[in-house]
1. State all residues of the stretch 42-72 that are without any contact (Cβ under 8 Å) to a residue 12 or more places away in the chain and either more than 20 Å from residue 84 (Cβ to Cβ) or of a type in the set (Ser, Thr, Tyr) (or both); if no residue qualifies, say none.
2. Based on what the data block shows, is residue 140 of a type in the set (Gly, Ala, Ser), more than 8 Å from ligand 1 (Cβ to nearest atom), outside any loop (DSSP other than H, G, I, E, B) and touching a strand residue (DSSP E or B) at 6+ places or on another chain (Cβ under 8 Å)?
3. Looking for something farther than 26 Å from residue 211 by Cα, within 11 Å of ligand 1 (Cβ to nearest atom), of a type in the set (Val, Ile, Thr) and not assigned by TED's automatic domain parsing to the domain that holds residue 192 - is there at least one such residue anywhere in the stretch 116-124?
4. Going through 165, 141, 154 one at a time, which residue ends up being open to solvent by less than 70 Å² (accessible area, probe 1.4 Å) and either away from ligand 2 (no atom under 16 Å from the Cβ) or among the aromatic types (Phe, Trp, Tyr) (or both)?
5. Need at least 2 residues that are acidic (Asp, Glu) and in contact (Cβ under 8 Å) with a residue 12 or more places away in the chain per element, so show me which strands (runs of 3 or more DSSP E) inside the stretch 186-265 make the cut, counting only ones lying wholly within it.
6. With the requirement that a residue be part of a helix (DSSP H, G or I), acidic (Asp, Glu) and surrounded by fewer than 16 Cβ atoms within 10 Å (Cβ to Cβ), what does the stretch 76-134 give you?
7. Give me the pairs, please: first residue somewhere in the stretch 126-138 and touching a residue at least 12 places away in the same chain (Cβ under 8 Å) and within 16 Å of ligand 2 (Cβ to nearest atom), second residue anywhere and of a type in the set (D, E, K, R) and assigned to a strand (DSSP E or B), beta-carbon distance under 9 Å, and either six or more positions apart or on two chains.
Amino acid sequence: MTFADPDGHDDEREPVLQAWREAGIEARAERWDDPDVDWSRYDAAVVRSVWDYVDRRDEFLAWARRAESATQLLNPATVLETNTDKTYLRDLGVPIVPTHWASDGMPYWEEYVVKPAISAGARDTIRTTDRARAQAHAAALEADGRTPMVQPYLDMVESEGETSLLYFNRRFSHAVRRTAMLTPGRTGADNVEAQLRTPAPDQVELAEKVLAAIPQALLYARIDLVRLSDGSPAVIELELTEPYLYLSRSPAAATRLATALTELL
Ligand SMILES: Nc1ncnc2c1ncn2[C@@H]1O[C@H](COP(=O)(O)OP(=O)(O)O)[C@@H](O)[C@H]1O
Ligand SMILES: [Mg+2]
């Protein structure tokens, strides 16, 4: 069993390895891009903190397909391929954050978020009340061959916060409330705080509808939800590639992940 994470600042690595050892699963961390790793030596490769794929997605996906021809890849390569480009949101068939996918014909909103469809940790993401600035950022992304996502800024991320539901092999494990990332002066994943939260029934219903539409094996799935101005839940992002799992927020979460892995092996 292996991990496919880069050198790391992944503070979930040790707790996960520990829980897997306790479940009788021998595992070690490998870099996904290490050409010397023989993936066929492993029964499975579990993708974890591959935060460095964003700038080299093609290379990452080529690796995933290669690894999958040698071992069981979790999550599967087709899941990683779809999930690393947020244009999948267009085809989910459930409510998502209102999104305009071009610099042309932008709607009028009080405040905008503009982000690239391929990103993580709010990279190249701006928040602005200045429509011209939002449009310029979207146009710059397009000029760079990237797909822009223009959204209204949902200020509920500062009050209620985002709700992230964690599922291991499709079974609910725990949920957290996450604080806003696009805060003035400091933007990024470092800002985010998370605490355990009991999801509301409408959030669970939406998350499970999303999961039901994905046929592939899912060792882990994090479904990030917000609420729209009418109070209804909507998907902001599906984290199926390298989600931080907030294991430390729920005592038995790492054990539940180990159980899920055992089931899929
Ligand atoms: N439309 C939005 N309204 C409010 N906050 C947003 C919006 N879009 C993104 N954010 C903030 O930026 C963070 C990162 O955006 P997200 O779409 O989840 O992409 P990624 O996590 O891949 O960078 C979110 O967790 C949220 O805090
Ligand atoms: Mg996100």
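1. 69
2. It is false that residue 140 is of a type in the set (Gly, Ala, Ser), more than 8 Å from ligand 1 (Cβ to nearest atom), outside any loop (DSSP other than H, G, I, E, B) and touching a strand residue (DSSP E or B) at 6+ places or on another chain (Cβ under 8 Å).
3. No, every residue in the stretch 116-124 fails to be farther than 26 Å from residue 211 by Cα, within 11 Å of ligand 1 (Cβ to nearest atom), of a type in the set (Val, Ile, Thr) and not assigned by TED's automatic domain parsing to the domain that holds residue 192.
4. Checking each option against the conditions leaves just 141.
5. 233-239
6. Matches in the stretch 76-134: 91 only.
7. Between residues of the stretch 126-138 that are touching a residue at least 12 places away in the same chain (Cβ under 8 Å) and within 16 Å of ligand 2 (Cβ to nearest atom) and residues that are of a type in the set (D, E, K, R) and assigned to a strand (DSSP E or B), the close pairs are 126/115.
Residue-wise test of (1) of a type outside the set (Gly, Ala, Ser); (2) at pLDDT below 95.
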| residue | (1), (2) |
| --- | --- |
| 190 | yes, yes |
| 205 | yes, no |
| 228 | yes, no |
| 231 | no, no |
| 248 | no, no |
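The values are calculated or read from the model by the stated rules, or taken from the named source; none is laboratory data. Predicted, not measured: the structure shown is a model, and the values here were computed from it. For neighbour counting, all protein chains shown are included, and Cβ atoms are generated from backbone atoms with ideal geometry for every residue, glycine included. Surface areas here come from the heavy atoms of the whole protein model, side chains and all, with no ligands, DNA or RNA. Shrake-Rupley method; radii C 1.70, N 1.55, O 1.52, S 1.80 Å.
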